[in-house]
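This report refers to the structure that appears directly beneath it.
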Amino acid sequence: DLPPGTGDMQLSMVQATDIDGAIVVSTPQDVALLDSKKGLNMFNQVKIPVLGMVENMSYFVAPDTGIRYDIFGTGGGQRLSERYSIPLLGQIPLNMDIREGSDNGEPPVVLGDDSLKEYYRSIVDKMLA
């Protein structure tokens, strides 16, 4: 997880660390994808393989109605993964339980709702494949 951009700090961190591969995480809106493109180019430049991309906060499903809202746009992660020929490993929804668990230091895979765990399990399975 790197801060936005690819300045000297990010490049120094990447070069000073033994990294076997990277996963790029972005939200679907264009401004976030610009930073992800910079990260992808940086990883390519320093010869670190990119294992795939994860789109975070991809959508929101209203708990009271079940209606899906694409708050930050849609398809950005898919387009970027296709452009760079890397797999889109998964899309994680904007979800209150994930947010609260993360704030409390509880990884999403220990949350009670199995459907939330499945987003992460699926990403890991695709990455390992």
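The values are calculated or read from the model by the stated rules, or taken from the named source; none is laboratory data. All values reported here derive from a predicted model rather than from experimental measurement. Cβ placement follows ideal geometry from the backbone for every residue including glycine, while neighbour counts extend to all protein chains displayed. In case anyone asks, the SASA skips ligands and DNA or RNA and just uses the protein heavy atoms, side chains included. Shrake-Rupley method; radii C 1.70, N 1.55, O 1.52, S 1.80 Å.
Annotation: the antiparallel percentage among DSSP beta bridges lying fully within the chain is about 20.
Ranked from highest to lowest mean number of other Cβ atoms within 10 Å per residue, what is the order of the peptides 118-125, 92-99?
Details: 118-125: 14.9, 92-99: 16.4.
Ranked by mean Cβ neighbours within 10 Å, highest first: 92-99, 118-125.
For the stretch 25-101, the alpha-carbon coordinates run over 46, 24, 19 Å along the three principal axes, in decreasing order.
For the stretch 73-112, rounded, prolate or oblate, judged on the Cα gyration tensor with a ≥ b ≥ c (square roots of eigenvalues), a/c < 1.5 rounded, else prolate if a/b > b/c? Cα axes put the stretch 73-112 in the prolate bin. Accessible area per residue for the chain, computed on protein heavy atoms with a 1.4 Å probe, is 61 Å². Distances over 25 Å make up what percent of all Cα-Cα pairs in the chain? Cα-Cα pairs in the chain separated by more than 25 Å: 29 percent.
Local charge for residue 28 was computed over the other residues whose Cβ lies under 12 Å away, with Lys and Arg +1 and Asp and Glu -1, and equals -2.
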